[in-house]
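First up is the structure itself, then whatever we jot down about it.
The values are calculated or read from the model by the stated rules, or taken from the named source; none is laboratory data. Quantities reported herein were computed from a predicted structural model and do not represent experimental measurements. As a convention, Cβ positions derive from the backbone with ideal geometry for all residues, glycine included, and neighbour counts pool all protein chains shown.
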Amino acid sequence: MPYGYSDFLLEKNKSPETIDSYVKEVNYFFAFLDFKHKRKIELYEITTKDIKDYLEDKKSKGSKTVTINKYITILKNFFDFLWTINKIPFDPSSKIKRIKEEEKYNQELTYQTLLDTLPKVLNNREYSPFRKVIYILALYGLRASEFQILKDNVSVQPIEVEVVIKTKKRKIALNGEEAEYFMEYYYNESMFNLSNYVFVTNKHNEDTVPVEGMTIYTHLRTISEDYDLPKLVLNDIRHAYAHYLYREKQYTIEDIATEFGIEENSAALLVDSSMDRIEGKVS
């Protein structure tokens, strides 16, 4: 990315998938400007109206409020960076405000629905072991970055049929059938990639990188379409899991913090948010 934006994001400890999504969005924005102005314009020529026109174009093509706000966040971050390094005389995004999100969360997505779908996914002969394991781990409320699991952090006990997976902040123990499906993928596919990671994305240029969010979402989207589920998004599954633990399993906030590998205050916010999404109220 020109102007050193990628390096800037890296210095801010942004994840590879975040950097990739930010850079792609900025490139899409510049492609839009090229089309709009019929030429490549200089940075100092970019106006607030250019940004508004870009967002309107995205909206006209079906982007929802939450997605538009993501674009706004990315562009604000980019122009703030340009202003900081003196590449532009003013920030054209400074007057762009995030849109109030009035969209309702899909209240049909409950964790019980996800659990009921699990055996169907595991028994689907057309699904790869990779897709099945992605779904298994998604039900543990993992964020996209938490799927970037090092092989060194996987402990397999075939006799007990148990798999213990360590992420940066938590430990997940798979037993029985879930462990068997994980071992099938791990020994037949994962062990043969040359990466240090269990899950990888194979790029078009033949590079192999730690699994990217888009790879995960592609598999989840297929599952949601095949079983007539609401669009499966990791964040929604995470909230459904938190709600299930709190309501059905009677987990305390401290228990949920341990389960997710987060601070108790973050766990409390997660539970409140899940209550709002699923029950339409805050506890």
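Going residue by residue through the range 168-190, is there one that turns out to be assigned to a helix (DSSP H, G or I), basic (Lys, Arg) and either at pLDDT below 95 or farther than 22 Å from Ser145 by Cβ (or both)?
no
Among the residues of the range 215-236, is there at least one that is assigned by TED's automatic domain parsing to the domain that holds Glu126, surrounded by fewer than 20 Cβ atoms within 10 Å (Cβ to Cβ) and assigned to a strand (DSSP E or B)?
For the range 215-236, residues assigned by TED's automatic domain parsing to the domain that holds Glu126, surrounded by fewer than 20 Cβ atoms within 10 Å (Cβ to Cβ) and assigned to a strand (DSSP E or B): absent.
Looking only at the range 8-17, which residues are part of a helix (DSSP H, G or I) and either loosely packed, with under 15 Cβ neighbours inside 10 Å or out of contact with any helix residue (DSSP H, G or I) (no Cβ under 7 Å at 6 or more places or on another chain) (or both)?
Selection gives Leu10, Glu11, Pro16.
Residues of the range 237-271 being outside any helix (DSSP H, G or I) and of a type outside the set (Gly, Ala, Ser), which ones?
Within the range 237-271, Glu248, Lys249, Gln250, Tyr251, Thr252, Ile262, Glu263 qualify.
Can you go through Glu264, Glu212 and tell me which one is modelled with pLDDT under 95, acidic (Asp, Glu) and buried (at least 19 other Cβ atoms within 10 Å of the Cβ)?
One residue alone meets the criteria, Glu212.
So Lys95 ticks every box in (1) assigned by TED's automatic domain parsing to the domain that holds Ala242; (2) touching a helix residue (DSSP H, G or I) at 6+ places or on another chain (Cβ under 6 Å) but one. Which box is left unticked?
Here Lys95 meets the rest and fails (1).
Only residues that are crowded, with 20+ Cβ neighbours inside 10 Å and of a type outside the set (A, V, I, L, M): list them for the range 149-185, please.
Glu178, Phe182, Tyr185 - these are the residues of the range 149-185 that are crowded, with 20+ Cβ neighbours inside 10 Å and of a type outside the set (A, V, I, L, M).
Which ones in the range 237-256 are buried (at least 20 other Cβ atoms within 10 Å of the Cβ) and either in contact with a helix residue (DSSP H, G or I) (Cβ under 7 Å, 6 or more places away or on another chain) or without any contact (Cβ under 8 Å) to a residue 60 or more places away in the chain (or both)?
Selection gives Ile237, His239, Ala240, Tyr241, Ala242, His243, Tyr244, Leu245, Tyr246, Ile256.
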